[in-house]
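Trainee: Would you mind keeping the following structure in view while I ask a few things?
Every number here is computed from the coordinates shown, using simple stated rules; none is lab data. Everything numeric in this text was worked out from a predicted model, so none of it was measured. When we count neighbours, we look across all protein chains shown, and the Cβ atoms used for this are built from the backbone with ideal geometry, even at glycine.
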């Protein structure tokens with residue numbers, strides 16, 4: 001009976017989506033962004049799963065974009081040849097290449113198809129949609145409003161267990177699989193809502209709308225705190241530091257130099273850092289904010305941290321075995337088991353391939369797509385940040401400047417999360433990542449067109 005209800009729901013929502021698509025394509029897209037935080041996993045015949053209705057709607061948008069590219073390729077020329085676009089496309093091409101050498105080709109090509117859908121619907125379509133300034137701010141606003149119900153549902157569950165941090169992992173189901181992706185999604189939109197609320201007059205909102213934005217920001221901050229996601233909270237601190245960096249008008253090259261210095265110092269003092277982490281006994285399942293954050297450096301008793309290190313080491317060993325093509329997209333969780341060392345395994349370690357990925361975007365790409373995949377991923381992340389900073393400093397449009405700043409700060413939370421988690425294969429984070437990248441590219445292209453017009 002439950003399966004029948006799911007199929008009826010699937011069919012009826014698909015029918016409504018197709019009608020909305022026929023009536024107004026932009027309304028369909030807006031509804032899609034809004035509904036993604038509310039989407040839930042549904043099993044399909046053959047053992048496949050889909051995030052419904054979000055991924056279904058994204059697939060429809062991807063087909064539309066594919067048809068537009070085939071029928072009117074000239075309209076996409078300036079988009080395709082943007083540096084960020086070229087790197088994303090290069091990443092997709094390399095994913096296809098490594099899938100040909102994959103240990104599990106079916107798994108890999110499924111991952112390629114999903115990435116292609118995300119790129120077409122969330123990146124290429126959003127660039128077109130965000131060409132108008134009034135649309136640039138809508139993406140994360142729609143997503144943030146879509147988050148309200150999952151937040152209310154999750155915090156109601158928190159209330160009934162007394163906001164116990166030890167019991168929070170799966171309270172956000174069925175909307176989010178666990179608390180870290182829930183916290184990552186909220187952290188991503190907080191900078192955007194903060195910028196929108198702080199500049200509501202600039203964006204043309206009324207005083208009442210400004211109050212509502214401040215209220216939404218308070219809800220998001222409350223939810224982020226009680227998500228008990230250390231990475232989420234730390235990513236917001238890093239985002240705030242970048243904001244201060246931008247206020248000082250420091251450039252991308254200064255940021256790169258700072259990151260390079262941090263890497264060098266980390267390498268030089270790696271032994272001391274390791275010893276310090278081994279003496280850290282702070283636990284994450286505590287209501288004390290400072291101890292909760294400091295537990296991120298606990299490699300003594302924190303099982304979650306130790307398991308991450310276990311996965312990271314497995315990813316490096318897998319890379320050393322297949323340094324060029326890797327094991328294939330999506331294969332880490334099925335292949336890393338034999339690369340674990342008994343002395344590094346924890347009580348939550350598994351050999352069944354049923355407990356996730358390498359807990360790092362870059363290390364996942366290193367093990368699954370080899371060194372070229374790792375470098376391409378690193379390149380599109382850094383290029384996106386560089387383009388955003390350039391657009392922010394050079395744009396004469398105050399709305400574009402504010403939106404690009406918000407997009408960059410949100411994107412920064414993902415970059416930090418990417419050091420400790422890997423969520424880009426899930427629609428709830430992919431819409432934020434590729435959507436903000438699209439906003440940044442659209443803003444950069446708009447600025448270039450205006451610059452060219454002035455020079456004529």
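Trainee: State the Cα centre-to-centre distance between the range 416-430 and the range 66-114 in whole Å.
Mentor: The two parts, judged by their Cα centres, are 19 Å apart.
Trainee: For residue 218 and residue 178 in the same chain, what is the full-extension length gain: residue separation times 0.36 nm, less their Cα-Cα distance, in nm? Numbers along the way, then the final one.
Mentor: Working: separation 40, 0.36 × 40 = 14.40 nm, distance 2.20 nm.
Extra length from residue 218 to residue 178 when fully extended: 12.2 nm.
Trainee: Also, quick follow-up: Starting from the 7 Å offset along Cα-to-Cβ, what nm value, one decimal, do you get for the label separation of residue 237 and residue 25?
Mentor: 4.6 nm
Trainee: Provide the packing ranking of 53-59, 311-317, 299-305, 269-275, i.e. peptides ordered by the mean count of other C-beta atoms within 10 Å per residue, highest first.
Mentor: Values: 53-59: 22.3, 311-317: 20.1, 299-305: 17.1, 269-275: 11.0.
Packing order, densest peptide first, comes out as 53-59, 311-317, 299-305, 269-275.
Trainee: In addition: Assuming a ≥ b ≥ c are the square roots of the Cα gyration tensor eigenvalues, decide whether the chain counts as rounded (a/c under 1.5), prolate (otherwise, with a/b larger than b/c) or oblate.
Mentor: Working: a/c = 1.25, a/b = 1.19, b/c = 1.04.
It is rounded, given that a/c, with a ≥ b ≥ c, falls under 1.5.
Trainee: Given R₀ = 51 Å, what would the calculated FRET efficiency be for residue 12 paired with residue 309, taking r from the Cβ atoms and rounding to 0.05? Walk me through the numbers before you get to the answer.
Mentor: Working: r = 47 Å, r/R0 = 0.91.
For R0 = 51 Å, the calculated efficiency reads 0.65.
Trainee: Sorted by average packing, counted as other Cβ atoms within 10 angstrom per residue and highest first, what order do 61-69, 218-226, 181-189 take? Mind showing how you got there, number by number?
Mentor: Numbers: 61-69: 16.2, 218-226: 18.3, 181-189: 28.9.
My ranking of the peptides, most packed first, is 181-189, 218-226, 61-69.
Trainee: Packing-wise, with mean Cβ within 10 Å as the measure, how do 247-260, 152-165, 116-129, 370-383 rank, highest first? Can you show the working numbers first?
Mentor: Working: 247-260: 12.0, 152-165: 14.5, 116-129: 23.0, 370-383: 18.8.
Put in order of decreasing packing, that is 116-129, 370-383, 152-165, 247-260.
Trainee: With a point put 7 Å past each Cα toward its Cβ, work out how far residue 397 is from residue 276 in nm, to one decimal.
Mentor: Result: 4.4 nm between the two label points.
Trainee: Between residue 248 and residue 63, what is the FRET efficiency for a Förster distance of 41 Å, r being their Cβ-Cβ separation, to the nearest 0.05?
Mentor: Once the sixth-power term is evaluated, E becomes 0.35.
Trainee: Multiplying the sequence separation of residue 320 and residue 113 by 0.36 nm and subtracting their Cα-Cα distance, what value in nm do you get? Present the calculation step by step, with values, prior to reporting the outcome.
Mentor: Values: separation 207, 0.36 × 207 = 74.52 nm, distance 2.69 nm.
Gain in length upon complete extension: 71.8 nm.
Trainee: What is the extension gain from residue 201 to residue 43, computed as 0.36 nm multiplied by their sequence separation minus the C-alpha to C-alpha distance, in nm to one decimal? Write out the running numbers ahead of the final one.
Mentor: Values: separation 158, 0.36 × 158 = 56.88 nm, distance 4.52 nm.
Taking 0.36 nm per residue and subtracting the Cα distance, the gain is 52.4 nm.
Trainee: Between the range 127-182 and the range 236-270, how many Å separate their Cα centres?
Mentor: The range 127-182 and the range 236-270 have Cα centres separated by 29 Å.
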